Amino acid sequence: MAQDSVLSDELLHHLMAVGHVDVLVGVPTLNNAGTIRPVVKAVHQAFARYFPRDRSVLINSDGGSDDGTPSLVRNASADDTETVTVSHSLRTVHRISTPYHGVPGKGNALRQIMTAADLIQARAVAVLNADVTGITPEGVAALIRPVRDQQFDYVAPVYQRHPLEGPLVTQLVRPLMRAAYGWQVRDPVAPEFGCSHRFVSHCLEQDVWDTELGRVGIDLWVTAEALAKGFRCCQTGLNPHPATPTRTPFGELFAQVVDSAFACLERHAPYWLGRNGAEPMPLVSPPPTVAVEPPVVNGTRLTEAFALDVENLRSVLQDILSAETLASLEALAEKQPARLRYPDPLWASTVYQFLLAYRGGVMRREHIVQALAPLYLGRTGSFLRQYATSPEPLVDEALENLCREFERSKPDLVQRWNRV
Amino acid sequence: MAQMIANAIRQAGTNFVESLSVFLPRMVTTLAIIIVGWLIAMLLRTMVRAVAGWLRINVAAERFGVTPLLKTADLPPADVLLGAIVFWLVWLGFLLSGIDVLGFTSLQGLLASFWAFVPRLLLAVVILIIGFVVANFAWRATLLAAVNGRVPSPRLLSGAVRWLILILTGAMALEQIAVARTVVLTAFAIAFGALSLAVAIAFGIGGGGIAKRILEHQFPEQPRSSADEISHL
């Protein structure tokens with residue numbers, strides 16, 4: 001789509017007034033009145049403290065909030081007087097809040113932000129998540145500095161969080177993407193990132209924006225695209241973000257994330273099929289050492305339904321999994337929920353066989369992804385039961401072993417991938 | 001008198017020879033049509049099976065849930081069945097054409113009726129295929145949604161959805177080929193009405209608690225809290 005159809009006349013007018021900038025921070029929003037003010041405040045503090053000589057702009061791309069989010073962004077300056085008295089930006093800090101067109105979603109918002117960044121040739125771009133309140137000026141700066149000062153093209157955040165948190169990332173997305181792409185990215189689905197103008201221009205040229213992946217899986221795609229197309233990537237530590245309850249129900253969230261991961265792997269197959277091992281990604285600044293509380297979970301509820309789910313889904317699973325894997329799952333399901341241990345090799349082969357079924361189209365793709373959800377819950381419950389009371393280093397070690405298991409099983413995946 | 005009898009016999013003989021001279025070529029033509037038709041039908045069956053194999057019809061049939069149903073009905077795999085349908089349609093066409101050549105008055109119009117029936121039969125087959133596909137899709141979608149949504153008895157629910165669609169499709173196909181139209185329609189209406197009533201009564205009497213639980217689960221008065229409510233991302 002041409003720039004003029006992504007950028008409204010009003011936004012173009014604003015951007016022309018802003019002119020070329022050094023730093024652009026984009027904040028996609030949709031009904032974030034409860035959390036947007038601290039985010040805007042952190043951005044302004046970051047501009048004033050860390051980039052006072054840079055031409056800076058904050059662009060809020062809003063999906064049609066009806067809770068006054070855009071006006072909160074526009075009027076946030078009155079709340080920030082205490083900040084400006086501490087440190088001044090030597091240039092005018094611009095703030096634009098604009099609606100984007102099309103279906104509400106991160107994809108359209110990001111496209112608008114990137115198109116604007118491309119137009120005003122922003123040297124460094126950071127995209128923030130308006131759903132969390134824990135972002136600090138240091139965090140904003142940490143996403144921008146590696147691009148601005150060290151010529152990195154893509155900066156992925158590393159959040160300080162307990163290893164039992166975010167099991168969809170630790171149990172599935174991280175090991176899968178790490179083994180496939182051959183890079184040790186800690187959080188490939190992070191909603192925040194920093195990037196260069198070169199990377200922005202590249203992303204805008206891709207045909208992903210009007211696809212389902214562009215609509216719901218853009219966070220994952222951005223990371224995967226940076227890795228697969230050889231951009232200079234690094235990671236940077238961010239403060240722990242207080243977890244806000246996700247608005248998306250689990251089933252929908254799981255389907256979006258897994259479908260996006262599988263779709264990325266399909267798009268980038270020519271890159272990752274030839275890669276072996278997993279290189280560490282440079283960590284330009286470690287996450288602040290703050291004690292994090294472990295989640296209050298022990299996996300009991302997640303494993304309770306596993307046996308029944310496997311039994312109920314047998315007729316679907318037998319079209320996806322090999323007879324051997326299905327037999328192992330059924331043997332696992334016969335155990336008491338309290339004794340359920342879903343081993344790493346079985347979990348890796350389960351995920352890979354689902355990926356192959358997705359590629360082969362043995363049934364509708366949404367059904368394949370939905371069928372994986374109960375198995376993921378069983379695996380997550382099993383892991384949480386096993387490590388609920390373990391010290392963090394032990395959990396980290398278990399997660400590292402899981403990633404290595406995915407790497408070990410990759411040659412088999414590659415062999416089968418070429419046959420599908 | 002004798003002369004008259006001799007003339008009659010001669011006339012009968014002449015008539016017989018004339019009829020035979022007319023019938024024999026027709027008979028030979030009929031046999032030729034049937035044999036050639038059989039050969040063409042065989043050739044077409046082989047070609048259809050080859051094309052079906054190339055198009056991986058059996059894989060598609062497996063994916064859309066047709067194969068298990070064919071096995072249940074003791075029918076051959078989809079490619080063989082498709083070849084057999086083509087074979088019998090073509091050969092029956094040739095057979096009836098051959099019989100038509102014989103010129104039997106009582107069989108006149110049979111061929112026309114057959115060719116009028118073929119499009120309806122094909123439409124019925126198409127309805128059945130679409131029905132199988134839709135039934136299997138609905139079955140799998142219901143099963144997965146029920147399992148992930150923690151709805152009780154997901155297999156029973158999804159199986160009921162599948163069979164309901166298959167029965168509806170079967171009735172539509174039979175209606176299309178006009179086989180016992182009144183009986184099929186009446187039987188279907190009675191069966192469908194009875195089934196709906198039975199389900200409604202059974203759910204109303206025995207499933208009140210389940211309905212309450214489902215509704216409470218879907219529309220909780222207060223946010224659910226549990227030790228295992230975890231942020232997955």
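The values are calculated or read from the model by the stated rules, or taken from the named source; none is laboratory data. These figures come from a predicted structure and were not determined experimentally. With ideal geometry, Cβ positions are generated from the backbone for all residues, glycine too; neighbour counts draw on all protein chains shown. Calculation scope for accessible area: heavy atoms of the full protein, side chains included, ligands and nucleic acids excluded. Shrake-Rupley method; radii C 1.70, N 1.55, O 1.52, S 1.80 Å.
Here the contact order of chain A, divided by its residue count and restricted to Cα pairs under 8 Å and six or more residues apart, works out to 16 percent. Ligands, DNA and RNA aside, B:LYS212 has an accessible area near 120 Å² when probed at 1.4 Å. In chain A, the longest principal axis of the Cα atoms and the axis of helix A:218-228 are about 80 degrees apart.
Sorted by accessible area (1.4 Å probe), largest first, how do A:HIS20, A:HIS268 line up?
A:HIS20, A:HIS268
For the protein assembly as shown, a crude dipole built from +1 on the beta carbon of Lys and Arg and -1 on the beta carbon of Asp and Glu, taken about the Cα centre, is about 1340 debye to the nearest 20. Scanning chain B for long hydrophobic helices, with DSSP H runs required to stretch 24 angstrom or more by C-alpha along their axis and to average at least 1.6 on the Kyte-Doolittle scale, returns B:78-102, B:110-148, B:181-206.
Of all the options A:LEU143, A:LEU317, A:LEU238, the one that moves most in a Gaussian network model of chain A with Cα springs shorter than 10 angstrom is A:LEU317. Averaged over the residues of peptide B:146-152, the number of Cβ atoms from other protein chains lying within 10 Å of each residue's Cβ is 4.
To the nearest 20 debye, what charge dipole does the range A:160-208 have about its Cα centre, counting +1 at the Cβ of each Lys and Arg and -1 at the Cβ of each Asp and Glu?
220
Helix A:137-150 and the longest principal axis of the Cα set of chain A meet at an angle near 90°. Eigenvalues of the alpha-carbon gyration tensor of the range B:90-156, scaled by 5 and square-rooted, set the equivalent ellipsoid semi-axes at 49, 8, 8 angstrom, largest first. The angle between the Cα long axis of helix A:250-267 and the main principal axis of chain A comes to about 90°, on a 0 to 90 degree scale.
Stokes-Einstein, applied to the Kirkwood radius of the range B:1-59 over Cα pairs at a viscosity of 1.567 mPa s and 4 °C, places its translational diffusion at 84 µm² s⁻¹. Over 32 Å, how big is the tail of the calculated P(r) for chain A, in percent of all Cα pairs? Across chain A, Cα pairs with separations above 32 Å total 37 percent. Within the protein assembly as shown, DSSP assigns beta bridges of which about 20% are antiparallel (rounded to the nearest 5). When chain B is treated as a Gaussian network with alpha carbon springs shorter than 10 Å, the biggest mean-square fluctuation among B:ALA198, B:ALA160, B:ALA41 belongs to B:ALA198.
Take the alpha carbon atoms of the range A:105-146, find their center, do the same for the range A:6-81, and report the distance between the two centers in whole angstrom. Using only Cα atoms to place each centre, the spacing works out to 10 Å. Anyone know which of B:ARG150, B:ARG49, B:ARG140 comes out most mobile in the 10 Å Cα GNM of chain B? Most flexible of the set in this elastic network: B:ARG150.
Report the FRET efficiency, 1/(1 + (r/R0)^6), for B:ALA178 and A:GLU366, where r is their Cβ-Cβ distance and R0 is 35 Å, rounded to 0.05. Here the calculated transfer efficiency is 0.35. For the range B:1-38 versus the range A:274-325, the spacing of their alpha-carbon centroids is 86 Å. Normalised by residue count, chain B yields a Cα convex hull volume of 191 Å³ per residue.
Per residue, what volume in Å³ does the convex hull of the Cα atoms of the range A:339-420 enclose?
84
Farthest toward the positive end of the dipole of the protein assembly as shown, out of B:VAL183, A:LEU7, B:ALA160, is the Cα of B:VAL183, where the dipole comes from beta carbon charges about the Cα centre.
Computed on the range A:179-225, the Cα convex hull volume stands at 91 Å³ per residue. Relative to one another, the C-alpha centroids of the range A:378-420 and the range B:50-127 are positioned 52 Å apart. An ellipsoid equivalent to the range A:253-301, defined through the eigenvalues of its Cα gyration tensor, has semi-axes of 30, 23, 11 Å when rounded to whole angstrom and sorted largest first. Taken over the alpha carbons of the range A:202-359 as equal point scatterers, the Debye sum produces base-10 log I(q)/I(0) values at 0.18 Å⁻¹ of -1.35. Remark: mean inter-chain Cβ contacts per residue of A:306-314 equal 3, using a 10 Å Cβ-Cβ cutoff to other protein chain atoms.
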